[in-house]
1. If you go through region 124-154 one residue at a time, how many are farther than 24 Å from THR85 by Cα and assigned to a helix (DSSP H, G or I)?
2. Select the helices (runs of 4 or more DSSP H) contained entirely in region 183-226, then report the ones holding at least 2 residues which are near the ligand (Cβ under 9 Å from one of its atoms).
3. Would region 206-216 turn up any residue that is modelled with pLDDT of 95 or more, within 15 Å of the chain's Cα centre (by Cα) and among the basic types (Lys, Arg)?
4. Please identify the pairs in which a residue from region 190-216 that is touching a residue at least 40 places away in the same chain (Cβ under 8 Å) has its Cβ atom under 7 Å from the Cβ atom of a residue that is acidic (Asp, Glu), counting only partners at least 6 apart or on another chain.
5. Suppose we keep only residues that are in contact with a Ser or Thr (Cβ under 8 Å, 6 or more places away or on another chain) and hydroxyl-bearing (Ser, Thr, Tyr) within region 1-24. Which one would you say is farthest from LEU225 (Cα to Cα)?
6. Looking only at strands (runs of 3 or more DSSP E) that fall completely inside region 25-123, which ones have 2 or more residues that are within 15 Å of the ligand (Cβ to nearest atom), in contact with a Ser or Thr (Cβ under 6 Å, 6 or more places away or on another chain) and of a type in the set (A, V, I, L, M)?
7. In this structure, does ASN114 turn out to be in contact with a His (Cβ under 9 Å, 6 or more places away or on another chain), buried (at least 22 other Cβ atoms within 10 Å of the Cβ) and within 23 Å of MET152 (Cβ to Cβ)?
Amino acid sequence: MMALTGKVAVVTGGGSGIGRAISFRLARDGASVAVWDLNGPAAQETVAMILDAGGRAIACEADAASREGIAGALSRTRAEFGPVTILVNNAGVTGRVPFLEMTEEAWDRVIRINLKGPFLCSQAVIPDMLAAGWGRVVNISSSSTQMGVGQMAHYVASKGGVNGFTKALAMEYAGQGVTVNTIPPGYIDTPMLRGTVQNMETSVANSPMRRAGRPEDIAGACAYLVSDDASYVTGQMISVNGGRYLM
Ligand code: NAD
């Protein structure tokens, strides 16, 4: 039997990059995976990859930062697979703008999707975990919260919020079989990174491992955190960044 056989997982933002690799990996480990993404066709593509490999998955086109979108996606997921006991809060957006030019709208959008989204998704799904007496929440934050990055104040603030949110939830549910951890990725080759980094080659050449991270590098850490091997691990941050930042 595979590690996650019989488990139902939700991966937000599973239509691209890191979320796609996590969805694929959890399905490979035996979970039934609901891929929630604002971009429906992208979520479908992830599902097609999983089905091709013999896994179980459905796509839900949904805004993972809206209560209504989440309710719809969750009821479809439960109807198809049953209660959800693994939640990966991965959906996120970024942006680069000098601080004094940062509009209130840009600030609100990034905080809404990156920080309020995990709040709403967790609040919707954790009751299933409590009922099962077993649950896993993995929040994808960012190494920018460890290093600081200019012109991304909204993004870094939102992800710093996710780090704190993780610790608070971990404490609240530690006695009920539900663990909550965060992975702050550093420099992973995805459409998001390619959209924000100016000189990829120089940046890679100056990095300790001389390579960008792969989405699969994050998926591996996530697969560990949602497994039974990690049942005594909660409130932790597992930095997957190729040695770019040492805690
Ligand atoms: P990506 O842009 O390739 O993928 C993000 C996915 O999230 C997209 O499919 C997008 O449609 C979806 N999405 C965006 N807003 C959504 C919403 N409101 N509801 C549902 N889906 C939504 O990005 P990625 O690089 O794979 O990033 C995944 C996560 O990892 C993000 O939270 C990002 O901040 C974080 N991260 C990435 C890196 C990196 O180096 N790539 C570094 C640090 C943190």
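1. Going through region 124-154 one residue at a time, the tally reaches 6.
2. The qualifying helices (runs of 4 or more DSSP H) are 191-196, 215-226.
3. yes
4. So the pair list comes out as ARG214/ASP189.
5. We begin by selecting, within region 1-24, every residue in contact with a Ser or Thr (Cβ under 8 Å, 6 or more places away or on another chain); these are 3-4, 7-11, 14-20, 23-24.
Narrowing further to those that are hydroxyl-bearing (Ser, Thr, Tyr): 16, 23.
Values: SER16: 21, SER23: 14 Å.
Result: SER16.
6. Here the list reads 32-37.
7. yes
Residues are listed down the side, and each one gets a yes or a no for (1) over 13 Å from CYS121 (Cβ atoms); (2) basic (Lys, Arg):
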{"site": "ARG25", "(1), (2)": "yes, yes"}
{"site": "ALA34", "(1), (2)": "no, no"}
{"site": "ASN39", "(1), (2)": "yes, no"}
{"site": "MET49", "(1), (2)": "yes, no"}
{"site": "ARG56", "(1), (2)": "yes, yes"}
{"site": "GLY69", "(1), (2)": "no, no"}
{"site": "ILE86", "(1), (2)": "no, no"}
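The values are calculated or read from the model by the stated rules, or taken from the named source; none is laboratory data. This one's a predicted model, so the numbers in the text were calculated from it and none came from an experiment. Note that we place each Cβ from the backbone using ideal geometry, even for glycine, and neighbour counts take in every protein chain shown.
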